[in-house]
1. Only one of (1) out of contact with any helix residue (DSSP H, G or I) (no Cβ under 8 Å at 6 or more places or on another chain); (2) more than 14 Å from chain B (Cβ to nearest Cβ); (3) farther than 23 Å from A:LEU154 by Cβ fails for A:ILE44. Which number is that?
2. Please state which of the following conditions A:ILE73 fails to meet, knowing it meets all the rest: (1) at pLDDT below 90; (2) in the same structural domain as A:THR135 (by TED's automatic domain parsing).
3. For segment A:7-25, name all the residues that are under 24 Å from the mean Cα position of the chain (by Cα) and not aliphatic (A, V, I, L, M).
4. Please go through segment A:58-83 and pick out each residue that is of a type in the set (Gly, Ala, Ser) and in contact with a Pro (Cβ under 8 Å, 6 or more places away or on another chain).
5. It is to be established whether one or more residues within segment A:83-104 are within 16 Å of B:PHE78 (Cβ to Cβ) and either at pLDDT below 90 or loosely packed, with under 14 Cβ neighbours inside 10 Å (or both).
6. Just for helices (runs of 4 or more DSSP H) wholly inside segment A:4-119: which have at least 3 residues that are touching a Ser or Thr at 6+ places or on another chain (Cβ under 9 Å) and closer than 30 Å to B:PHE20 by Cα?
7. Any residue that is of a type outside the set (D, E, K, R), under 16 Å from the mean Cα position of the chain (by Cα) and surrounded by fewer than 15 Cβ atoms within 10 Å (Cβ to Cβ) - is there at least one of those in segment B:29-37?
8. Does B:ILE99 satisfy the condition of being in a helix (DSSP H, G or I), within 11 Å of chain A (Cβ to nearest Cβ) and surrounded by fewer than 17 Cβ atoms within 10 Å (Cβ to Cβ)?
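The values are calculated or read from the model by the stated rules, or taken from the named source; none is laboratory data. In this text, all values refer to a predicted model and were calculated from it rather than measured experimentally. Please note: Cβ atoms are built from the backbone with ideal geometry, for glycine as well, and neighbour counts cover all protein chains shown.
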Amino acid sequence: MINFKSIILFFLLLGFWLLMSGHYSILITSLGIISCALCVYLTIKANILDNEMLPLYFFPRLLQYTLWLIKEILISNIETAKVILFKTEDPELFTVKSSQASNEGKVTYANSITLTPGTVTTQINENVFEVHALTKSFGDDVRSSQMDKMVSWLEKGK
Amino acid sequence: MIDSIINYSSIASLILGILFILIGSIGILRLPDVFSRIHASGMIDTAGTAFIILGMCLQSGISLITAKLIFIGIFIFFTSPITGHVTANLARKKGLKPITNNKGKTL
């Protein structure tokens, strides 16, 4: 059945298609419209069109979190570059606890740890993460659980 | 005037990106084990590509190419931590021990 969500999905897909294409002749655009409609039809048939499709409610917090994460990534990039150039590496392996309730929150936290250079999540058991850090100060950054609090704050933005 | 400012900032951004990729490559060769080398490759994936994409965006101006470049950046931003985590996780599962200074502690 065609409802409001499938129409939004159709226009999102069409917008993305037009952005990627760059050719706007009648034949090619109609092919794009047909393929977008086919995608929406398959989505409805596979029954994966649910409430999680477009979680608009936490976009403001997501924007703020992304800006904070970019700042953190820049700082730790410079630190990692210093460690590589001045040969001061002192790797350590430790475990931290995460305070997120949902699986999405845990994935966001683990990915954020891995995305900042100098720390990598190696294993995840329930809410205990095993983290490898390049130096002790990178490890202290993770242990101070500032990022954990930020992700929990992002998760609660419902 | 504005043209030359944009041009020079794009050149500066490209040079910064090249520097980060160079340091990351040195790190991949120099660091002692798999786990440490992932940090160096993570540096190339984040700062290196981000600065190079920023420089190319400034070169192309407001056009369809810039939108595509931003989408490439977003995709790399989402996929690079997955590859890093999978590599580290597989190395741990195969029983590889990282070189660390906390001796005696079993994890």
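1. (1)
2. Unmet condition: (1).
3. So the first thing to find is which residues in segment A:7-25 are under 24 Å from the mean Cα position of the chain (by Cα), and the list is A:8-17, A:19-20.
Those that are under 24 Å from the mean Cα position of the chain (by Cα) and not aliphatic (A, V, I, L, M): A:PHE10, A:PHE11, A:GLY15, A:PHE16, A:TRP17.
4. A:SER76
5. Step one: filter segment A:83-104 for residues within 16 Å of B:PHE78 (Cβ to Cβ), giving A:104.
Now drop any that are not either at pLDDT below 90 or loosely packed, with under 14 Cβ neighbours inside 10 Å (or both), which leaves A:104.
Looking for residues that are within 16 Å of B:PHE78 (Cβ to Cβ) and either at pLDDT below 90 or loosely packed, with under 14 Cβ neighbours inside 10 Å (or both), one finds at least one in segment A:83-104, hence yes.
6. Working: elements: A:4-21, A:26-46, A:59-86, A:103-115.
The helices (runs of 4 or more DSSP H) meeting that bar are A:59-86, A:103-115.
7. yes
8. Details: in a helix (DSSP H, G or I): no; within 11 Å of chain A (Cβ to nearest Cβ): yes; surrounded by fewer than 17 Cβ atoms within 10 Å (Cβ to Cβ): yes.
Criteria not met by B:ILE99.
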